[in-house]
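Below: the structure, in structure tokens.
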Amino acid sequence: MVESPLAITSSDITKLILRVAMRDRVAFDSLYQQTSAKLFGVCLRVLKNQSEAEDALQEVFIKIWDKADRFAASDLSPISWLVAVARNQAIDRIRERRQPSVDMDSALNVIDPRPDPESLAAANHERRRIQICLEELEKDRAEAVRSAYLDGESYDELANRYGVPLNTMRTWLRRSLLKLRECLER
Amino acid sequence: MTSADKHDMGNGDEMIAAEYVLGVLSADERQSASSRIDRDPAFAQLVDLWEQRLSPLADAYQQVEVPHSVKEALNRRLFSKAELSNKSGFWSSLTFWRSLTAALAAALVVYIAVPHFNLEKSAPPGLVASLAADGSNVRYLVLFDGTHGKVRLSHISGDRPAERDFELWLIKNNNAPISIGIVPVGKVVSLKLSSDLKQKLSSGETFAISLEPVGGSPTGQPTGPIVAAGELKNI
């Protein structure tokens, strides 16, 4: 069983990562218990294959154990840092693989996402802002940004899916990123 | 398209950082971006900024239950070897993290006790200062390890100009700065303190880094601009 996501707050996760950097195994187990379902969701969405996602998740937690002190040098919130570790691991893995595999049986185990009210409140503003900014983009470009981020699709794959030349896709996304940045900083 | 974004749309670092975070780069490009993150703090900061900007999108990732076998396999992979090899880094990790806690104190005012541990119990005496200054991108995290009488500096960002040195100073109240020494080049470096200086360190005083000629200030007082400074706090 995965513990209810209601129980965890951002400052709890910071403290757990802190203790992991101090080589505290109890903290590591607790961090795993609190965050592995979310990070597994990341791996699964990108890799779309249960056993690859399980392998990737192990790599993710090995990185977290080894590099917990790197979190200090970044200004990221603890959950953003953890998600970045997981996304990078999964995306690196899928880039190494030639053919994306599809095995969505794994989607059956999706847990009802119930983030805690505190982090919801904190995240709400940011989330609304990025939604508003994405809406300022043309619809298919906003879609492409979202699937690049969430599914880890490459320029190549996106160009194929949208039936446009690679360079066009690159220009779309670069312009979209710059517009997003401009909108978020407005 | 404005001329500003035409300019930005080349292969500038800003765009590489954005594309790295978005996840669209090829394996080779990702590899090269990732190794730049490790050795180029300015680039790493651009990447962090993009991680921050795009992070609300991650809310769409659903939580998926992980089979028990995964944690068991992870424990086997991690702890059969880690237990043998990770004895040395304890103090550095501890201080680093406690310093982080101090740096984050404002954000984490409410201490929520996590069951099973008590951080204070085993903590050696120490002081921490986060050094930064307006108009400078130089940032250091400075830790005073009371047990060993050492000052450890973690370089976070900002390059030192060629043919110049960074010098670390202790400023007590409004007294003249006391030189602690030239900051060695490197990610994590340390300076040994004289026992006289050790006595002088306490919470509330200021550490500052000035830009000096190679070999340090010729006058015994700072001669160049202060590139980073911060107050010492107990940890």
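The values are calculated or read from the model by the stated rules, or taken from the named source; none is laboratory data. Since this is a predicted model, take the numbers as computed values, not measurements. Methodologically, a virtual Cβ is constructed for each residue, glycine included, from the backbone with ideal geometry; neighbour enumeration extends over all protein chains shown.
Look at region A:126-139: where a residue is under 14 Å from A:ARG175 (Cα atoms) and a partner is not in a helix (DSSP H, G or I), sitting 6+ places away or on another chain with Cβ atoms under 9 Å, you get A:CYS133/A:ARG186. Does A:ALA72 fit the bill of being in contact with a Leu (Cβ under 6 Å, 6 or more places away or on another chain), crowded, with 18+ Cβ neighbours inside 10 Å and modelled with pLDDT of 80 or more? The answer is no for A:ALA72.
Yes/no per residue for (1) more than 20 Å from B:PRO56 (Cβ to Cβ); (2) at the interface with another protein chain (Cβ under 8 Å from one of its Cβ atoms); (3) in a helix (DSSP H, G or I):
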| site | (1), (2), (3) |
| --- | --- |
| A:SER11 | no, yes, yes |
| A:LEU16 | yes, yes, yes |
| A:ARG23 | yes, yes, no |
| A:PHE28 | yes, no, yes |
| A:ALA56 | yes, no, yes |
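Look at region B:163-178: where a residue is closer than 18 Å to B:SER203 by Cβ and a partner is surrounded by fewer than 20 Cβ atoms within 10 Å (Cβ to Cβ) and among the acidic types (Asp, Glu), sitting 6+ places away or on another chain with Cβ atoms under 6 Å, you get B:LYS172/B:GLU205.
Conditions tested, residue by residue: (1) modelled with pLDDT of 85 or more; (2) not in a helix (DSSP H, G or I).
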| residue | (1), (2) |
| --- | --- |
| B:PHE166 | yes, yes |
| B:LEU170 | yes, yes |
| B:ASN174 | no, yes |
| B:ILE180 | yes, yes |
| B:VAL185 | yes, yes |
| B:LYS198 | no, no |
| B:SER203 | no, yes |
| B:ILE209 | yes, yes |
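If the condition is being of a type in the set (A, V, I, L, M), touching a Lys or Arg at 6+ places or on another chain (Cβ under 7 Å) and farther than 13 Å from B:GLY181 by Cα, then region B:198-235 contributes B:ALA228, B:ILE235.
Taking the numbered list (1) surrounded by 15 or more Cβ atoms within 10 Å (Cβ to Cβ); (2) over 26 Å from B:ASN137 (Cβ atoms); (3) modelled with pLDDT under 95 in turn, B:GLY23 passes all entries but (3). Within region A:78-96, residues that are aromatic (Phe, Trp, Tyr) have Cβ atoms under 9 Å from residues that are surrounded by fewer than 24 Cβ atoms within 10 Å (Cβ to Cβ) and not in a helix (DSSP H, G or I) in these pairs: A:TRP81/A:SER74, counting only partners at least 6 apart in sequence or on another chain. When A:ASP92 is tested against the conditions (1) modelled with pLDDT of 95 or more; (2) under 19 Å from A:GLN33 (Cα atoms); (3) surrounded by fewer than 22 Cβ atoms within 10 Å (Cβ to Cβ), the lone failure is (2).
Filtering region B:50-81 to residues that are polar (S, T, N, Q), within 19 Å of A:GLN50 (Cα to Cα) and buried (at least 18 other Cβ atoms within 10 Å of the Cβ) leaves B:GLN62, B:GLN63.
Looking only at residues of region B:29-38 that are within 9 Å of chain A (Cβ to nearest Cβ) and either loosely packed, with under 15 Cβ neighbours inside 10 Å or assigned to a loop (DSSP other than H, G, I, E, B) (or both), we find that the one that is farthest from the chain's Cα centre (by Cα) is B:GLN31. Note on region A:60-69: among residues that are of a type in the set (Val, Ile, Thr) and crowded, with 18+ Cβ neighbours inside 10 Å, the one that is nearest to the chain's Cα centre (by Cα) is A:VAL60.
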